[in-house]
Amino acid sequence: MFYGPEGPYHVFAGHEITRCLARGTFQEDLDRGDVEDCSHAEIDDLENWVTKYKHIKRYPIAGRLVHPPESRSMTMEELSGFTGRTQPPKGRVNPPMYIGIKGQVLDVSFGGYDMYKPGAPYNILLGKDSSRALAKVSLDEKDVASRDISDLTASQIKVLDDWADKFKNKKLYPIVGTYPFPGSS
């Protein structure tokens, strides 16, 4: 009612609102969690909101808002360390899980954890350039291990482009890095 599309607080849905609650603002402080420059009165207001949501309204804590890291250039060796087999960093529930596709590194732990976690069928694609395997829709070891796309057909390149589009624009996996890829600049 309050947070749905027509509700008065709809702008808060899916966002970091700590600073908004402390300062009594909407858009200008959205997605800012820093409160270092807030006054004591604003911090008291924030604590009152937390008490209201947690103890009076009894809203369940459904998760933790996590921001992906800034995108950076990565080596293949660095990429190989993100297969979901490490401890989650402080503030995260799941470890980062990176997949390389067409020179971009995406963190599939943002929404795809169950499909890519250790033991899941697509975990084999993590920590590497999976362009060839995705283009061929193959989990065959030789396709997963190879970065060579020179022999792909036009149809397979189209499939690869469709995967890249799906990951970025439909699944909304955040781009957390880049790596050298044939044909990319």
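Since every read-out is calculated from the coordinates, none of them should be taken as a lab result. Predicted model only: the values in this text are computed from it and were never measured. We place every Cβ from the backbone using ideal geometry, glycine too, and count neighbours over all the protein chains shown.
Over the Cα atoms of region 72-178, what Rg and Dmax result, in angstrom?
Cα-based Rg and Dmax for region 72-178 come out at 13.1, 43 Å.
Would you be so kind as to identify which of 153, 134, 173 lies farthest towards the positive end of the dipole of region 128-185, taking Lys and Arg as +1 and Asp and Glu as -1 on Cβ and the Cα centre as origin?
With unit charges placed on the Cβ atoms, the residue in question is 173.
Starting from the amide H of residue 177, placed 1.01 Å from N in the peptide plane, find each other amide H under 5 Å away whose residue is 5 or more places distant or on another chain.
Those lying under 5 Å, H to H, from residue 177 are 72, 105.
Out of the trypsin sites (Lys or Arg not before Pro) in region 33-100, which ones are loop residues according to DSSP with at most 14 other C-beta atoms within 10 Å?
Numbers: sites: 52, 54, 57, 58, 64, 72, 85, 90, 92; in loops: 57, 58, 64, 85, 90, 92.
Loop-located and lightly packed - 57, 58, 64, 85, 90, 92.
Quick check on my link table: of 128/166; 117/171; 117/158, which ones sit more than 23 Å apart, alpha carbon to alpha carbon? Present the calculation step by step, with values, prior to reporting the outcome.
Working: 128/166 18 Å; 117/171 16 Å; 117/158 27 Å.
Violating the 23 Å limit, Cα to Cα: 117/158.
Calculate, for residue 49 and residue 92, the FRET efficiency according to 1/(1 + (r/R0)^6) with r their C-beta to C-beta distance and R0 25 Å; round to the nearest 0.05.
Values: r = 24 Å, r/R0 = 0.96.
For residue 49 and residue 92, the calculated efficiency is 0.55.
Give the label of the value calculated from the structure for log10 I(q)/I(0) by the Debye sum over Cα atoms at q = 0.08, 0.17, 0.19 Å⁻¹, choosing from (i) -0.43, -1.19, -1.30; (ii) -0.37, -1.05, -1.21; (iii) -0.32, -1.10, -1.25.
Only one listed value fits the structure, namely (ii).
Pairs of alpha-carbon atoms within less than 8 angstrom and 6+ residues apart define the contacts here; what relative contact order does the chain have, in percent?
Averaging sequence separation for qualifying contacts and normalising by length gives 18 percent for the chain.
If eta is 1.306 mPa s and T is 10 °C, what Stokes-Einstein diffusion coefficient results for region 1-67, Kirkwood Rh from Cα pairs, in µm²/s?
My calculation gives 126 µm²/s for D.
Sum -39500 (n - 2.57) across every DSSP H segment of at least 4 residues in the chain, then divide by the residue count to get the 222 nm mean residue ellipticity, nearest 500.
Value at 222 nm, helices only: -6500 deg cm²/dmol.
Within region 96-126, name every residue whose backbone N is under 17 Å away from a label modeled 7 Å from Cα of residue 146 along the Cβ vector.
Residues 102, 125 qualify, since their backbone N sits under 17 Å from the label point.
Which net charge results for the neighbourhood of residue 13, defined as the other residues with beta-carbon distances under 15 angstrom from its beta-carbon, given Lys and Arg at +1 and Asp and Glu at -1?
Details: positive: none; negative: 6, 16, 31.
So the surrounding residues net to -3.
Extension gain residue 26-residue 65, at 0.36 nm per residue separation less the Cα-Cα distance, in nm? Display every interim value, and only then the final one.
Working: separation 39, 0.36 × 39 = 14.04 nm, distance 1.76 nm.
Stretched out fully, the residue 26 to residue 65 stretch lengthens by 12.3 nm.
Using Cα pairs closer than 8 Å and at least 6 residues apart in sequence, work out the relative contact order for region 10-56, in percent.
Details: 47 pairs, mean separation 15.9, N = 47.
This gives 34 percent for region 10-56.
For the chain, give the magnitude of the charge dipole about the Cα centre (Cβ charges: +1 Lys/Arg, -1 Asp/Glu; no others), in debye to the nearest 20.
It comes to approximately 620 debye.
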